[in-house]
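Below: one structure, written as structure tokens.
A short reminder: the numbers here are calculations on the coordinates, not readings from a lab. The structure displayed is predicted, hence computed values, not measured ones. As a convention, Cβ positions derive from the backbone with ideal geometry for all residues, glycine included, and neighbour counts pool all protein chains shown.
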Amino acid sequence: MNIKTFSSNDFQSAAKFCRMNMEYDSLPDFLFKEKTFDDPDYDPEMTLLAEEDDEIIGFMMGVARTIKTGKCGYIKLMAVKPEKRRQGVASQLYNIIHAKFVKIGCERERIYESHPNYLMPGIDPRYTEAICFVERKEFKKFNDTSNLLCDLTNQTFSTMKEEEILSKQDIIVKRAEKSDEKQTLNFIKEDFDIWIPEVTQAFKNNPISIHICNYKDKVVGFSAYDTNNLNTGWFGPMGTSPTMRGKNIGGILLKRCLADQKKQGHQFAIIPWVGPIPFYMHYCGSKVQRVFWRYEKILE
């Protein structure tokens, strides 16, 4: 078996390999590029291919990010050809990436949830081999989360009457303009700073894929889409100022984004890494689509 670093010459074959061997996920070329070369922390030394007879039998990508708790290493993507599993392929790839995480001072490792550029917020337990692999590598499950699916086909998401009620209270909801970016980011820094990279991406999109709520000319809420896994129907993030909750602002902002996604031609919206499942069920009838297990290993 030969292990080498990933390069642009490997792009087509590696993308095809992942599509064929990650049976519960879709990775078209444009999305594979977003997850690899377009990742701001992409490191070719931590993006590896395992080959036998010039054929790919394994792929693994690691990225290191600085988060509030320190530097964290993520196994962002991994796939092994089914007939080559449980033969040490993933272990050899992981050992190389793990050593690099240790060398650069990572304090912990996690699996898949490499926010803000990530494919999955954890391991779908249907990838049973992956669960067994990470547990053998002494990762510990510490949480789980869900992706919800919203059927856009039979809903209109009209918010006109609801917005009229808010306007009488000097609360205005609108699509953000480029001139709103600085004020919106300043608002997000107060309570939702983890989402700054995704909101910044929303302001780069055409049209801008974020709606905001103003109260007396001050941003008090936002809702975005197409900020990660672009053009695949992903919704989020969103947030409302704690002082303005209970006024239906979040529901309106959500529906505005879902209406946009429907106009894009999506039949479904994916609401990832969800905490308040009842909120989304209430406002758009979304249901749990997938469950993910979150794993972490503390490095000494």
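Reducing the range 55-72 and the range 239-300 to their Cα centroids gives an inter-centroid distance of 26 Å. As an exercise, identify the trypsin sites (Lys or Arg not before Pro) in the range 7-109 lying in DSSP coil whose Cβ has no more than 15 other Cβ atoms within 10 Å. Hits after loop and neighbour filter: Lys68, Arg86. With a ≥ b ≥ c taken as the square roots of the eigenvalues of the C-alpha gyration tensor of the range 180-300, please select rounded if a/c is under 1.5 and otherwise prolate if a/b is larger than b/c or oblate if it is not? Cα axes put the range 180-300 in the rounded bin.
From the mean inverse distance of alpha carbon pairs (Kirkwood) and the Cα radius of gyration, derive Rg over Rh for the chain. So for the chain, dividing Rg by the Kirkwood Rh gives 1.01.
Mean separation of Cα pairs under 8 Å and 6+ residues apart, divided by the residue count of the chain: what relative contact order is that in percent? If you can, show how the numbers build up before the last one.
Working: 524 pairs, mean separation 60.4, N = 300.
Contact order relative to length: 20 percent.
Straight-line cross-link partners of Lys141 among the lysines, defined as a Cα under 18 Å from its Cα and at least 8 positions apart when in the same chain: Lys76, Lys297.
Is the shape of the range 1-152 rounded, prolate or oblate, going by the alpha carbon gyration tensor and its root eigenvalues a ≥ b ≥ c, with a/c under 1.5 for rounded and a/b larger than b/c for prolate?
Numbers: a/c = 1.25, a/b = 1.10, b/c = 1.14.
Verdict is rounded for the range 1-152.
For the cross-link pairs Lys182/Lys247; Lys182/Lys218; Lys178/Lys218, the ones whose C-alpha atoms lie over 20 Å apart are Lys182/Lys247. Contact order for the range 154-266, expressed relative to its length and based on alpha carbon pairs under 8 Å spaced 6+ residues apart, stands at 26 percent.
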